[in-house]
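All remarks here apply to the structure that follows.
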Amino acid sequence: MFAAAVLLAVTAVLAAPARNLDSDLVYYDNTRDESGYSFTYKTKDGQFREEQGYIDPETGILRVNGLYRYEGTDGKTYEYNYEADENGYRIVEKPPPAGAPISNTVLLSLVG
């Protein structure tokens, strides 16, 4: 358990952006407690990152999830949701927003 706590503390410190008075930083928040950590930041050029991490009480494994968003040189906004655990970091599909329209194909498949 001590090793898990040390891993959590090290990961939280390394994963979170450094607190400074960077003029490009619009918003920054960093929270750590006994259940894990979270941080969020936004920059003037449109970058945004949000991440949460915790030690799974059943396995003792650090579990992380978050998202990173930025505006590309083409003017489009790109967003990536990710998770990490004993298998490393990977991009994950984000669920559709609540109230998103359901296609007729899906509705018909539910009717049977």
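The values are calculated or read from the model by the stated rules, or taken from the named source; none is laboratory data. No experiment lies behind these values; they were computed from the predicted model shown. Positions of Cβ are backbone-derived with ideal geometry, glycine not excepted, and every protein chain shown enters the neighbour counts. The area values use the complete protein model at the heavy-atom level, side chains included, leaving out ligands, DNA and RNA. Shrake-Rupley method; radii C 1.70, N 1.55, O 1.52, S 1.80 Å.
Can you send over the carbon and sulfur percentage of the accessible area for region 25-96, probe radius 1.4 Å, protein chains only? The partial results should precede the final answer.
Details: 2280 of 4840 Å².
Heavy-atom surface of region 25-96 belonging to carbon and sulfur, 1.4 Å probe: 47 percent.
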Given a 1.4 Å probe and heavy atoms of the protein chains only, how would you sort Val92, Val64, Val26, largest accessible area at the top? Val26, Val92, Val64
Any idea how far apart Thr73 and Glu50 come out in nm if each label point goes 7 Å out from Cα toward Cβ? 2.9
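Roughly how many Å² is the accessible area per residue of region 25-96, as a whole number, for a 1.4 Å probe?
Values: 4840 Å² over 72 residues.
Ligands and nucleic acids excluded, the result is 67 Å² per residue.
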